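Chemist: Here it is, the structure, as structure tokens.
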Amino acid sequence: MGEVQTVDQKVEGGGGGGAKWPGGEGGEVKPPVTQAALINAAARAAASNSRRDLVEYLRLRRKQA
């Protein structure tokens, strides 16, 4: 009654659901840039006149293309 057995198991994939995405090993899945996010970033960059906001907008625009 005092003995406890442990079993070591190897989990492939290392991630949460164990699902594998086609087209590559490892790698993070990133959601697509929506039109609304792009418009909001452009409006924020224009309103604030900030270089940081402009760079963020350009980064999103490059991701979308």
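Chemist: Summing Lys, Arg as +1 and Asp, Glu as -1, what charge do residues with Cβ under 10 Å from the Cβ of S50 carry, S50 excluded?
Modeler: With Lys, Arg at +1 and Asp, Glu at -1, the net is +1.
Chemist: Evaluate the distance, in nm, between pseudo-label points positioned 7 Å from the Cα of L38 and of R61 along their respective Cα→Cβ axes.
Modeler: The two pseudo-label positions are separated by 1.0 nm.
Chemist: Here's another thing I want to ask about it. Can you give the net charge of the other residues whose Cβ lies under 14 Å from the Cβ of Q64, counting K and R as +1 and D and E as -1?
Modeler: Values: positive: K30, R59, R61, R62, K63; negative: E56.
With Lys, Arg at +1 and Asp, Glu at -1, the net is +4.
Read the figures in this text as sums done on the coordinates, not as results from a lab. Bear in mind that the values here come from a model prediction, so they are computed numbers and not experimental data. Note that we place each Cβ from the backbone using ideal geometry, even for glycine, and neighbour counts take in every protein chain shown.
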